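Structure record follows, encoded as structure tokens.
The values are calculated or read from the model by the stated rules, or taken from the named source; none is laboratory data. Since the model is a prediction, treat every value here as computed from it, not as a measurement. Please note: Cβ atoms are built from the backbone with ideal geometry, for glycine as well, and neighbour counts cover all protein chains shown.
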Amino acid sequence: MTYITAAKTSGGCVFCEALSGSDDRKSLLLARRDRAFLILNRYPYAAGHLMAVINRHVGTLPEATADEVAGAMKLLSPLHRGTTCMCRWSTIPAPAIRP
Ligand SMILES: [Zn+2]
């Protein structure tokens with residue numbers, strides 16, 4: 001409910017703001033790479049909802065290049081191999097990913 005009722009502090013893109021910010025912990029940003037980054041959903045539908053986001057702002061997935069999409073998928077692939085945690089913060093539990 002806070003998300004809906006809270007005053008909006010900016011009209012910018014939440015992903016671009018997280019990527020350009022300097023406080024990854026506050027932004028829930030878990031990993032940065034050349035073409036994409038991993039971020040937790042601040043208001044998840046399920047615990048540990050991770051998102052792989054390309055670094056360049058685009059409006060739709062087809063606007064992303066093949067290299068950008070590959071960069072995002074590369075960030076997710078360790079999770080599917082059963083990696084226990086790729087988080088930079090030791091306080092965040094590894095997401096429960098099933099094959
Ligand atoms: Zn953006």
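Residue by residue, here is whether (1) modelled with pLDDT under 95; (2) buried (at least 17 other Cβ atoms within 10 Å of the Cβ) holds:
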{"residue": "L30", "(1), (2)": "yes, yes"}
{"residue": "N41", "(1), (2)": "yes, no"}
{"residue": "Y45", "(1), (2)": "yes, no"}
{"residue": "G48", "(1), (2)": "yes, no"}
{"residue": "L61", "(1), (2)": "yes, no"}
{"residue": "T65", "(1), (2)": "no, no"}
{"residue": "M73", "(1), (2)": "yes, no"}
{"residue": "M86", "(1), (2)": "yes, no"}
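When segment 54-74 is limited to residues that are away from the ligand (no atom under 12 Å from the Cβ) and among the charged types (D, E, K, R), the one that is nearest to L29 (Cα to Cα) turns out to be K74. Residues of segment 14-28 that are in a helix (DSSP H, G or I), away from the ligand (no atom under 12 Å from the Cβ) and under 11 Å from the mean Cα position of the chain (by Cα): D24, S27.
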